[in-house]
Amino acid sequence: MKIGVAGAGAVGSLFGALLANAHHEVTFLARGKHLTRLQERGIKVVTEQYPILNLNNEQTIFTNDIHALASVDILLFCVKSTDTKKLADSLKGVIKDETMIVTMQNGVDNEEILARSLTNNKIFSCATYVQASITEPGCVKESGSHQLLIGALQKEDSNQARKMVDLFQRAGISAKFTEEILNHKWKKLLWNITFNPLSAITKATIGEILESVELSALAKNVAAEAVSVAARQGYPFDKEKVIQSIFKKAAYAKDHQTSMLQDRLNGKAMEYESMCGYVLKLAHETKIEVPTIMSLYSILKFWDEKEKRKDYGYVEIL
């Protein structure tokens, strides 16, 4: 099977490497120092479940040329949500119509963006539960275990989703099929929006948020507001039970730096639009007040726009 990884960051590198280790032909779309090291030495994967993997063979391709994805059968879409539309538009006319696209991204809006841009391709969604990081260019580390929940957006594509799950499982990846994929994606979004924005603003780990009376209270307010928005979208979660579940899961990741915090520390674009902005849009459309989410979004948007002004060489007069 020919598999493409659009966005060979931590998540894409990890699962692409595991699939390559199972003798699939995998093409990694990467950039920067990470790409340079991949092309020089291949990819190194460090996990607690498997021996250290060092992959560099003729069936593993590392590139920044999207045309190298032209013949892939499955495309794992792993770029940050800030790049979804740009990359999807670039892939028009490049990938074949039969290519199955699997979004492994955060948020619940990428599926819609992909479907609008790549109208001839079948879109599948994956709720990705993993703690992975690029420890140095060319090396990805997984902490703990992972779980993938994969489903089809259209019911008639469910059999293909099941076959995809089987392919992942045979590669040693913990994956399951679900008929309620967007329900699971919403649950993951609720966890992410509870901790990601707050951690990026405060530079706090999950554990530090939980141990702080003030930050923990803010996080619960965010969760409660987001659950109310989800209910208006047809996902009527039990608010008390969901919030308890969110904080219970967080207790197992106390040392974890959220993806948004990692992006801020590394000077990368943060996914606040896909997490906070999208929920704010839905809240506005359904006339729900979400003051805590609005406050966090405003701070993150200010920082983002300030960094963009620096990038374009604007001079601030104080």
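Odds and ends about this structure:
- Of all residues in segment 65-104, those being of a type in the set (Val, Ile, Thr) and over 27 Å from residue 272 (Cβ atoms) number 5.
- Residue 140 being in contact with a helix residue (DSSP H, G or I) (Cβ under 7 Å, 6 or more places away or on another chain), touching a residue at least 24 places away in the same chain (Cβ under 8 Å) and more than 22 Å from residue 50 (Cβ to Cβ): no
- Residues that are within 23 Å of residue 268 (Cα to Cα) and surrounded by fewer than 20 Cβ atoms within 10 Å (Cβ to Cβ) within segment 115-129 comprise just one, 129.
- Unmet requirement for residue 153, which otherwise passes all of (1) crowded, with 19+ Cβ neighbours inside 10 Å; (2) in contact (Cβ under 8 Å) with a residue 24 or more places away in the chain; (3) out of contact with any Cys (no Cβ under 7 Å at 6 or more places or on another chain); (4) farther than 20 Å from residue 222 by Cβ: (1)
- Neighbours by Cβ (under 8 Å, 6+ apart or cross-chain): first from segment 172-198, among the acidic types (Asp, Glu); second outside any helix (DSSP H, G or I) and modelled with pLDDT of 95 or more: 179/151; 180/151
- Segment 199-212, subset in a helix (DSSP H, G or I) and free of Cβ contacts under 8 Å to residues at least 60 places away in the same chain, residue surrounded by the fewest Cβ atoms within 10 Å (Cβ to Cβ): 211
- The residues on offer are 191, 186, and the sole one that is of a type outside the set (Gly, Ala, Ser), on the phi < 0 side of the Ramachandran plot, modelled with pLDDT of 95 or more and touching a Phe, Trp or Tyr at 6+ places or on another chain (Cβ under 6 Å) is 186.
- Of all the residues in segment 3-62, those that are out of contact with any helix residue (DSSP H, G or I) (no Cβ under 7 Å at 6 or more places or on another chain) and either among the aliphatic types (A, V, I, L, M) or outside the structural domain of residue 143 (by TED's automatic domain parsing) (or both) number 11.
- Scanning segment 173-198 for residues that are of a type outside the set (Gly, Ala, Ser) and in a loop (DSSP other than H, G, I, E, B) yields 173, 178, 179, 180.
- Test: residue in segment 225-244 that is under 25 Å from residue 133 (Cβ atoms) and either touching a residue at least 40 places away in the same chain (Cβ under 8 Å) or acidic (Asp, Glu) (or both): no
The values are calculated or read from the model by the stated rules, or taken from the named source; none is laboratory data. Given the structure is predicted, the values throughout are model-derived calculations rather than measurements. In this analysis, Cβ positions are derived from the backbone assuming ideal geometry, glycine residues included, and neighbour counts consider all displayed protein chains.
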